[in-house]
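Take a look at the structure set out below.
The values are calculated or read from the model by the stated rules, or taken from the named source; none is laboratory data. Everything quoted here is computed from the prediction, not taken from an experiment. Every residue, glycine as well, gets a Cβ built from its backbone with ideal geometry; the counts of neighbours run over all protein chains shown.
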Amino acid sequence: MCGLLLGWLYARSLLANDKLWAGKSPAGPEIADDLLLWTTLGVVLGGRLGYVLFYEPVYFFANPADIPKLWNGGMSFHGGLAGVCLAVFIFARARKIPMLSIADICCAAAPFGLFFGRIANFVNDELWGRVTDVPWAMVFPSGGPLARHPSQLYEAALEGLLLFLVIRFFTHGRKVLPLPGYASGVFFAGYALARITAENFRMYDPTHAFSTGWVTPGIVYSIPMIAIGAYVIWRARERA
């Protein structure tokens with residue numbers, strides 16, 4: 001909730017700053033109020049369905065009644081991303097606002113949610129890292145007696161703080177918001193690189209079909225995002 005609310009306030013500030021849009025914002029800041037509801041639904045529904053389909057399909061297909069039980073945990077970033085993309089598409093078409101510009105706003109604000117989401121993973125004692133002997137290693141109550149990487153904090157730093165600063169450099173330093181899709185491309189590629197880096201420290205499910213050697217499901221699902229991000233940036237520059 002902190003991530004969504006701070007992201008909403010940041011989205012309002014971006015829409016209210018005409019200087020970032022080369023003179024004219026594509027919509028007033030009040031649009032962010034309704035957009036918050038749409039993106040929240042996209043995150044929750046898409047994140048849950050993504051977890052069901054990408055990570056535990058065998059269990060949930062055998063126990064479909066457990067799919068709505070969000071209180072038991074189980075959300076997927078890549079599923080949430082797909083849900084938000086669909087929500088942005090419907091919202092932009094309904095309001096007759098350029099879809100890519102709305103996507104840029106969402107992507108610029110998304111690191112707030114990613115940061116607090118990873119902090120929540122740390123507090124909830126979930127998604128801990130691999131066994132290690134580094135000085136800052138931690139023993140997690142549900143992770144056994146061995147010390148592990150606090151990979152949730154690594155992800156909070158990479159996917160939250162660092163990604164936010166990178167996107168802000170492009171939106172405020174390079175002034176790319178007048179190029180619809182550019183900031184979205186930076187987010188896609190930047191998140192993928194951050195996630196792939198963090199996956200080298202995060203404990204993975206060895207029974208998953210994509211867990212082979214150094215490859216993990218998170219890496220497999222992130223690699224296409226690099227290509228998508230590069231293509232979207234290229235298209236934004238071509239249109240300009």
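Values for this structure:
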read-out	value
Members of the range 76-109 that are of a type outside the set (V, I, T), modelled with pLDDT of 85 or more and not in a helix (DSSP H, G or I)	K96, P98
Residues (surrounded by fewer than 18 Cβ atoms within 10 Å (Cβ to Cβ) and in contact (Cβ under 8 Å) with a residue 60 or more places away in the chain) located in the range 5-18	L6
Odd one out for P141 among (1) within 19 Å of G80 (Cβ to Cβ); (2) out of contact with any helix residue (DSSP H, G or I) (no Cβ under 9 Å at 6 or more places or on another chain)	(1)
Residue match in the range 58-68 (condition: aliphatic (A, V, I, L, M) and either within 30 Å of R168 (Cα to Cα) or modelled with pLDDT of 90 or more (or both))	no
Subset of the range 120-167 that is of a type in the set (S, T, N, Q) and at pLDDT below 95 - its residue that is surrounded by the most Cβ atoms within 10 Å (Cβ to Cβ)	N121
Residue list for the range 26-54, restricted to those being aliphatic (A, V, I, L, M) and touching a residue at least 12 places away in the same chain (Cβ under 8 Å)	A27, I31, A32, L35, L36, L41, V43, V44, L45, L49, V52, L53
Cross-chain or 6+ apart pairs with Cβ under 7 Å, the range 90-106 first and among the aromatic types (F, W, Y), then crowded, with 23+ Cβ neighbours inside 10 Å	F91/L35; F91/I102
Residue in the range 61-75 that is over 26 Å from F164 (Cα atoms), part of a helix (DSSP H, G or I) and in contact with a Phe, Trp or Tyr (Cβ under 8 Å, 6 or more places away or on another chain) present	yes
Subset of the range 199-238 that is of a type in the set (G, A, S) and modelled with pLDDT under 95 - its residue that is farthest from M75 (Cα to Cα)	G213
Unmet criterion (only one of (1) within 22 Å of V220 (Cβ to Cβ); (2) in contact with a strand residue (DSSP E or B) (Cβ under 7 Å, 6 or more places away or on another chain); (3) not β-branched (V, I, T)) for A147	(1)
Some residue of the range 155-172 being of a type outside the set (S, T, Y) and in contact with an Asp or Glu (Cβ under 6 Å, 6 or more places away or on another chain)	no
Any hit, the range 190-208, residues being free of Cβ contacts under 8 Å to residues at least 40 places away in the same chain, among the aliphatic types (A, V, I, L, M) and over 18 Å from Y154 (Cα atoms)	no
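Yes/no per residue for (1) over 16 Å from R130 (Cα atoms); (2) surrounded by fewer than 21 Cβ atoms within 10 Å (Cβ to Cβ):
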{"site": "F170", "(1), (2)": "yes, no"}
{"site": "P180", "(1), (2)": "yes, no"}
{"site": "A183", "(1), (2)": "yes, no"}
{"site": "F187", "(1), (2)": "yes, no"}
{"site": "A192", "(1), (2)": "yes, no"}
{"site": "T197", "(1), (2)": "no, yes"}
{"site": "F201", "(1), (2)": "no, yes"}
{"site": "A209", "(1), (2)": "yes, yes"}
{"site": "T212", "(1), (2)": "no, yes"}
